[in-house]
Amino acid sequence: MSELPSSEDLDPSTGTDAPTPPTTTGPLEVTVAHQLAVTPGRAPFLAPPKTKTSLRVNELPAEIGAVLRDHLDAFAPARIELDAETDPRRPRTRVANLLFTRGDGRPIHRGAWTHIWRPAVKKAGLPEGSGSATCGTTSRRC
């Protein structure tokens, strides 16, 4: 989860364009509706997921939900203007509410992730070369 819904997005659970804020109790669900894409020669932009099956809703384990709620309490989402190509018939620029950004406020993308992940692995005392698969997701090794 890297973005909270913006008022420009349709909330599938309510059928309105008003986002439903995360609840403070119960399980959190993450809706995968788009991805941050990076191509050479242009700034990161929002794009549709790679496949139709990538559009999904995942329930977070309670422990992760608690950490995410703490993060949301401590850090407001960063409002960043990005090109949005989530609807190829209607490319536009819109404000994205990003939950996680780099120290300089820019979006985190795969090219920048290694520079964030390796120090975190070291600080956590994990073996060198541990990838995000160590935390239960699928990824290449860092």
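The residue that is nearest to LEU28 (Cα to Cα), among those in the stretch 43-72 that are part of a strand (DSSP E or B) and touching a residue at least 40 places away in the same chain (Cβ under 8 Å), is LEU46.
Might you let me know whether the stretch 73-96 holds any residue that is in contact with an Asp or Glu (Cβ under 8 Å, 6 or more places away or on another chain), over 30 Å from GLU128 (Cα atoms) and part of a loop (DSSP other than H, G, I, E, B)? Yes - at least one qualifying residue is present in the stretch 73-96. One residue alone among ASP11, ASP70, ASP17, ASP104 is surrounded by fewer than 16 Cβ atoms within 10 Å (Cβ to Cβ), at pLDDT below 85 and closer than 21 Å to ILE116 by Cβ, and that residue is ASP104.
The values are calculated or read from the model by the stated rules, or taken from the named source; none is laboratory data. Predicted model only: the values in this text are computed from it and were never measured. Don't worry about glycine lacking a Cβ; one is built from the backbone with ideal geometry, like all the others, and counts go over all protein chains shown.
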